[in-house]
Amino acid sequence: MSFNVAIDGPAGAGKSTIARAVAKSVAALKNFIYVDTGAMYRAMALYFLRKGIDKTDESAINAALGQVEITIRYENGAQQVILNGENVSGLIRTEEVGNMASATSVYKKVREKLVELQKNLAKKADVIMDGRDIGTCVLPDADVKVYLTASSAVRAKRRYNELKEKGTACDLDEIEKDIIDRDYRDMHRENSPLKQAEDAVLLDSSDMTLKEVVDAIVAMIEKKQGA
Ligand code: DC
């Protein structure tokens, strides 16, 4: 039986940075693979953008699904997302793709396709998987479940600093507005909305350092392993 860790939370809560650091930190205990499920929704969104499919046209999206094949592979431990044979990992981190992913992940058929892939990965390996519906829907029996959040102001500031560091022009208020819109959409959609699983541990990282958050999750994993 594989040992699975589910980390859910809103955009910009630091899930992927933290999940990666946790995987590294518990490597002696367990050989986890880190699965970033947002990257799968982003790769799918990139396909829809390239094809010029309207994000509100559910039947066009459903019809296109048969032509989309998403897989993942690992290069030096880093997850790569493959869209119809092309490694698109470097193309999916834009706001445009993120917003399209948020808009198109509301559809049942889109979710079914990716959830199946995610469940299969977790069956074969010990995973630390991050997303929006991992603890509630993809891995309801995960051994450790975390709901990681932070205030929208803190998340916007982190994103702003990241973009500034890369030399990208940006506006803090606009970033926060975008985050609030995205939260609303992710939390209020009909199909597996973002919410804390009943048995998930809530971690609000607004006033915590990265190390404090990582240590808290590592402690949960160690406790469960010892149990
Ligand atoms: O985590 P992210 O920003 O890369 O995710 C992009 C979008 O994909 C997010 O706004 C909602 C969607 N998503 C989802 O619906 N379910 C997941 N498990 C992961 C992401």
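The values are calculated or read from the model by the stated rules, or taken from the named source; none is laboratory data. Just so it is clear, the model here is predicted, and its values are computed rather than measured. Here Cβ is always computed from backbone atoms with ideal geometry, including for glycine, and neighbour counts include all displayed protein chains.
Observations on the model:
- So TYR74, is it more than 14 Å from the ligand (Cβ to nearest atom), surrounded by fewer than 22 Cβ atoms within 10 Å (Cβ to Cβ), part of a strand (DSSP E or B) and touching a residue at least 24 places away in the same chain (Cβ under 8 Å): yes
- The residues of segment 1-51 that are within 12 Å of the ligand (Cβ to nearest atom), modelled with pLDDT of 90 or more, under 18 Å from SER205 (Cα atoms) and not polar (S, T, N, Q), listed by number, are ALA6, ILE7, ASP8, GLY9, PRO10, ALA13, GLY14, LYS15, ALA19.
- Just so you know, in segment 77-108 the residues that are in a loop (DSSP other than H, G, I, E, B) and not polar (S, T, N, Q) include one that is surrounded by the fewest Cβ atoms within 10 Å (Cβ to Cβ), and it is GLY85.
Quick grid of which residues meet (1) farther than 23 Å from ARG111 by Cβ; (2) part of a loop (DSSP other than H, G, I, E, B); (3) within 16 Å of the ligand (Cβ to nearest atom):
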site: LEU148; (1), (2), (3): no, no, yes
site: ARG158; (1), (2), (3): yes, no, yes
site: ALA169; (1), (2), (3): yes, yes, no
site: ARG182; (1), (2), (3): no, no, yes
site: MET187; (1), (2), (3): no, no, yes
site: ASN191; (1), (2), (3): no, yes, yes
site: GLU198; (1), (2), (3): no, yes, no
site: ILE217; (1), (2), (3): yes, no, no
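- Note on segment 107-139: residues that are near the ligand (Cβ under 8 Å from one of its atoms) and either within 14 Å of ALA45 (Cα to Cα) or more than 15 Å from the chain's Cα centre (by Cα) (or both) total 2.
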